[in-house]
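Since the structure comes first, as structure tokens, the remarks are kept for the end.
The values are calculated or read from the model by the stated rules, or taken from the named source; none is laboratory data. Remember, it's a predicted structure, so these values are computed and weren't measured experimentally. Cβ sites come from the backbone with ideal geometry, for glycine too, and all protein chains shown count toward neighbours. Ligands, DNA and RNA are stripped out before the accessible areas are found, and what is left, the full protein with its side chains, is counted by its heavy atoms. Shrake-Rupley method; radii C 1.70, N 1.55, O 1.52, S 1.80 Å.
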Amino acid sequence: MSGLNPRQIEAVRYTAGPLLVLAGAGSGKTRVITQKIAHLIGHVGIQARHIRAVTFTNKAAREMRERVGQQVKGINTRGLGISTFHTLGLDILRRHPERIGLRAGFSLLDAQDSESLIKEHLRGTRNADAIGLSAVQQRISRWKNDFVDPEQAMSRAEDDFEAQLATLYAGYERSLRAYNAVDFDDLILGPARLFRSQPDLLETWQGRIRYLLVDEYQDTNGAQYELVRHLAGPRGAFTVVGDDDQSIYAWRGARPENLARLKDDYPTLKVIMLEQNYRSSARILGLANALIAHNPHVFEKRLWSELGPGERPRVLHCKDEAHEAEKVASEILHLKFAEETAFGDMAILYRGNHQARPFEKALREHNIPYFLSGGTSFFARAEVKDTMAYLRLLANPEDDAAFLRIVNTPRREIGPTTLEKLADYARARAIGLLAACGELGLAEHLNERQRNRLGVFARLIADHGQRVAADPTAAMSALVEAIDYPAWLRENASSQPVADRRYENVTDLLSWLGKLHKGDFQDKTLADMVGHLTLMDVLDRQEETEGGDRVHLMTLHAAKGLEFPHVFLVGMEEELLPHRVSIEEDSIEEERRLAYVGITRARQSLTFTLTRRRKRYGEWVLSAPSRFLGELPKDQLDWDNERAQTPENRKARGLSHLHRLKGLLNAD
Ligand code: ATP
Ligand code: MG
């Protein structure tokens with residue numbers, strides 16, 4: 001129990017009933033969870049495989065696993081389940097697919113796949129443009145998370161528009177079932193439904209999970225809440241930790257009220273508050289407290305820190321976004337070379353992914369290494385999606401979504417009419433598209449040339465499918481070669497280097513696949529591995545493969561739960577933070593919480609930046625300082641006091657040259 005304060009110790013030791021730890025940023029909530037896992041295994045005697053901890057992102061899950069690993073050296077942690085909600089859901093579904101009408105080896109559609117599926121259905125709808133893709137997507141997701149099925153959605157529809165949405169929802173669900181596939185929402189919803197209707201299964205799972213821990217509880221949505229309630233059962237063996245001031249996913253259906261609702265569902269709930277912050281110096285914390293005081297509060301909490309006043313947080317005014325990026329790059333070089341700070345101790349945080357580009361450019365120009373998380377994630381790249389689709393089809397020949405993605409990639413002269421006829425035939429026979437390709441009955445619907453092309457494709461998949469379970473990497477490499485995928489990439493890229501980079505992504509994926517196959521997934525099925533890959537995000541992959549000392553670039557949403565000694569919170573302007581949409585929709589409070597999350601990531605130094613003008617859709621637009629800056633105590637901030645003196649950032653330029661020179665010398 002070393003390294004914990006008395007309240008934290010109480011939270012770790014308390015196992016008599018359900019527990020909620022409600023506390024502000026940096027107060028050690030996540031630390032309570034990791035220590036509690038160690039305590040449960042080491043002192044309470046619960047076996048690791050009966051403990052389940054749920055976090056919000058893959059990165060957080062991995063960090064937690066590492067921290068627990070350090071604390072319970074010598075104790076058996078085999079089977080310890082630390083994962084995101086989605087991975088937990090996938091685990092549950094994989095064990096009993098038939099119980100919710102799926103077949104073994106079902107596929108998982110990522111956000112992009114389900115988007116294209118919805119697009120397909122929209123295509124056949126009247127005034128599709130007026131309805132809009134994102135409206136449909138959001139609505140379907142909302143319905144699913146509120147446990148509203150298509151029939152209910154239809155019966156509740158109050159006008160034509162709603163009825164159309166409900167029809168699209170019904171079609172979408174039908175396709176999912178036909179494709180033997182689930183989407184991300186189903187990963188939470190499916191298990192929750194399963195537990196509602198099948199008490200025997202629930203009992204099995206309650207026996208399997210003897211203690212449940214949930215981090216970032218304020219961001220659970222209705223379906224996640226229900227899943228937790230089921231798994232925890234009447235005995236309420238759980239600890240959840242959260243901070244209502246950091247609830248930043250209302251737009252995805254998160255309900256901070258879930259914190260209060262716990263008390264209704266579990267009258268014996270114990271609540272422990274933590275108030276000491278161990279992360280940030282007092283000045284930074286002062287800003288965070290001052291900002292969040294502008295939001296109404298359900299629970300009052302006041303954070304304090306013993307870390308001393310620390311550096312004064314700064315605000316840097318910049319001419320435009322290029323200048324902003326340049327200034328931040330000079331500050332980074334200054335920290336690195338004048339103050340000997342590691343690049344990995346610095347983070348640039350922003351509201352939207354589009355803000356990253358100028359920073360990437362400036363960092364590259366100065367040879368500053370960085371990680372970019374989010375953005376066009378690795379798995380969203382076309383070449384990676386193609387390769388994944390081949391892999392999915394090899395793992396699950398009934399994955400029609402994967403089939404449709406690659407049947408004509410690279411081009412095989414298989415047109416949409418052929419595919420429609422094939423789909424009609426497959427539907428009538430209740431088989432998958434790939435299986436249909438080889439059937440004699442097709443002759444009635446398609447001519448010989450069309451059938452031959454489909455046959456060639458089906459044979460390609462069958463040939464490689466036989467080898468894939470034994471050695472997925474070798475089978476996939478052979479396949480990539482057989483279809484001459486590099487040539488296809490060359491055809492579709494603007495230049496050779498671009499094509500090369502894309503091909504590198506493919507080989508990266510394959511070598512990663514090999515590592516997984518020999519490591520964590522040795523005794524699991526290929527379908528398990530494919531599901532796992534689909535759930536991973538770019539950050540995981542980068543950190544697993546690259547490592548090294550790099551500046552972190554990420555959105556505020558992605559930064560939740562993390563901490564960095566030096567934080568640059570950029571783009572502190574109206575319409576960026578708070579975001580334009582939230583100003584229009586009057587949801588400023590959530591944006592303020594987002595700013596609060598940003599500020600509280602910083603340990604030693606915090607620098608805000610803002611510009612005078614910014615390019616929007618090719619036009620210069622004057623920017624106004626964020627109202628959140630105005631809500632901070634003015635005398636607690638240093639305005640335009642740059643470490644790396646400008647205007648010309650002379651010193652930084654010098655440092656940059658030095659840095660480049662070093663790079664050259666090291667290169668040899
Ligand atoms: P967030 O709300 O941002 O997720 P948190 O409440 O989960 O924050 P942690 O990340 O657990 O906070 O802890 C913040 C920092 O304080 C970490 O570096 C952690 O190691 C450290 N810390 C937590 N408790 C203590 C303690 N009792 N003594 C010393 N350091 C601590
Ligand atoms: Mg935390």
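Give segment 587-640 a look and list any residue that's open to solvent by 50 Å² or more (accessible area, probe 1.4 Å), more than 16 Å from ligand 1 (Cβ to nearest atom) and under 30 Å from Glu257 (Cα atoms), or say none.
Within segment 587-640, Glu589, Arg627, Gly630 qualify.
Is it fair to say Leu291 is at pLDDT 90 or above, in a helix (DSSP H, G or I), of a type outside the set (Gly, Ala, Ser) and more than 14 Å from ligand 1 (Cβ to nearest atom)? Quick ask: steps written out before the conclusion?
Numbers: at pLDDT 90 or above: yes; in a helix (DSSP H, G or I): yes; of a type outside the set (Gly, Ala, Ser): yes; more than 14 Å from ligand 1 (Cβ to nearest atom): yes.
Against the criterion (at pLDDT 90 or above, in a helix (DSSP H, G or I), of a type outside the set (Gly, Ala, Ser) and more than 14 Å from ligand 1 (Cβ to nearest atom)), Leu291 qualifies.
Restricting to segment 169-182, name every residue that is open to solvent by 10 Å² or more (accessible area, probe 1.4 Å) and either within 16 Å of ligand 1 (Cβ to nearest atom) or touching a strand residue (DSSP E or B) at 6+ places or on another chain (Cβ under 9 Å) (or both). Give the derivation first.
Of all residues in segment 169-182, those open to solvent by 10 Å² or more (accessible area, probe 1.4 Å) come to 170, 173-175, 177-179.
Residues satisfying the conditions are Ser175, Tyr179.
Could you tell me whether any residue of segment 42-54 is within 16 Å of ligand 2 (Cβ to nearest atom), in contact with a strand residue (DSSP E or B) (Cβ under 7 Å, 6 or more places away or on another chain) and under 28 Å from Leu372 (Cα atoms)?
Among the residues of segment 42-54, at least one is within 16 Å of ligand 2 (Cβ to nearest atom), in contact with a strand residue (DSSP E or B) (Cβ under 7 Å, 6 or more places away or on another chain) and under 28 Å from Leu372 (Cα atoms), which makes the answer yes.
Confirm whether Gln70 is within 14 Å of ligand 1 (Cβ to nearest atom), at pLDDT below 85 and over 23 Å from the mean Cα position of the chain (by Cα).
Judged against the criteria, Gln70 is a match.
Go through segment 291-331 and give me each residue that's of a type in the set (A, V, I, L, M) and open to solvent by 30 Å² or more (accessible area, probe 1.4 Å).
Ala293, Val298, Leu307, Ala322
Yes/no matrix, rows are residues, columns are (1) open to solvent by 30 Å² or more (accessible area, probe 1.4 Å); (2) within 13 Å of ligand 1 (Cβ to nearest atom):
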residue	(1), (2)
Pro6	yes, yes
Thr15	yes, no
Gly24	no, yes
His43	yes, no
Gln47	yes, no
Val54	no, no
Gly79	yes, no
Thr84	no, no
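Is it the case that segment 229-237 has a residue that's open to solvent by 60 Å² or more (accessible area, probe 1.4 Å) and within 12 Å of ligand 1 (Cβ to nearest atom)? Show your work before the answer.
Residues of segment 229-237 open to solvent by 60 Å² or more (accessible area, probe 1.4 Å): 229, 234-235.
Now narrow it down to the ones that are within 12 Å of ligand 1 (Cβ to nearest atom): none.
Checking segment 229-237: not a single residue is open to solvent by 60 Å² or more (accessible area, probe 1.4 Å) and within 12 Å of ligand 1 (Cβ to nearest atom).
Looking at Ala475, Ala493, which is the one that is of a type outside the set (Lys, Arg) and in contact (Cβ under 8 Å) with a residue 12 or more places away in the chain?
Just one listed residue meets the conditions, Ala475.
Going by the conditions given, is Ile272 within 30 Å of Gln604 (Cα to Cα), assigned to a strand (DSSP E or B) and within 15 Å of ligand 1 (Cβ to nearest atom)?
Answer is yes for this residue.
I need the full set of residues from segment 93-145 which are closer than 24 Å to Asp200 by Cα, modelled with pLDDT under 85 and either open to solvent by less than 20 Å² (accessible area, probe 1.4 Å) or within 26 Å of the chain's Cα centre (by Cα) (or both), in order please.
Hits for segment 93-145 are Ile100, Leu102, Ala104, Gly105, Phe106, Asn145.
Quick one: which strands (runs of 3 or more DSSP E) lie wholly within segment 1-104 and hold at least 3 residues that are of a type outside the set (S, T, N, Q)? Explain how you work it out, then say what you get.
Numbers: elements: 19-23, 51-55, 81-84.
Because the criterion is at least 3 residues that are of a type outside the set (S, T, N, Q), the strands (runs of 3 or more DSSP E) in segment 1-104 that meet it are 19-23, 51-55.
For segment 519-559, name all the residues that are within 16 Å of ligand 2 (Cβ to nearest atom) and at pLDDT below 90.
Ala558
Please enumerate the residues belonging to segment 397-410 that are surrounded by fewer than 17 Cβ atoms within 10 Å (Cβ to Cβ) and free of Cβ contacts under 8 Å to residues at least 60 places away in the same chain.
Selection gives Asn408 alone.
Would you be able to say whether some residue in segment 299-307 is away from ligand 2 (no atom under 16 Å from the Cβ) and under 29 Å from the mean Cα position of the chain (by Cα)?
yes
Pick from Tyr350, Tyr370: which is open to solvent by 10 Å² or more (accessible area, probe 1.4 Å) and of a type in the set (Phe, Trp, Tyr)? Before the answer, list the steps.
Details: Tyr350 fails: open to solvent by 10 Å² or more (accessible area, probe 1.4 Å).
Every option except Tyr370 fails the conditions.
Give me the pairs: first residue in segment 573-593 and free of Cβ contacts under 8 Å to residues at least 24 places away in the same chain, second residue acidic (Asp, Glu) and buried (at least 21 other Cβ atoms within 10 Å of the Cβ), beta-carbon distance under 9 Å, and six or more apart or on different chains, which are they?
Ser582/Glu591; Ile583/Glu591
Considering only residues that are of a type outside the set (Lys, Arg) and closer than 15 Å to Pro191 by Cα, look in segment 201-219 and name the one that is most open to solvent (accessible area, probe 1.4 Å).
Glu203
Any chance you could count how many residues in segment 412-461 are farther than 17 Å from Tyr179 by Cα, under 38 Å from the mean Cα position of the chain (by Cα) and touching a residue at least 40 places away in the same chain (Cβ under 8 Å)?
7
When you scan segment 165-267 for helices (runs of 4 or more DSSP H) that lie fully inside it, which ones turn up with 2 or more residues that are more than 16 Å from ligand 2 (Cβ to nearest atom) and at pLDDT 90 or above?
184-197, 199-208, 222-232
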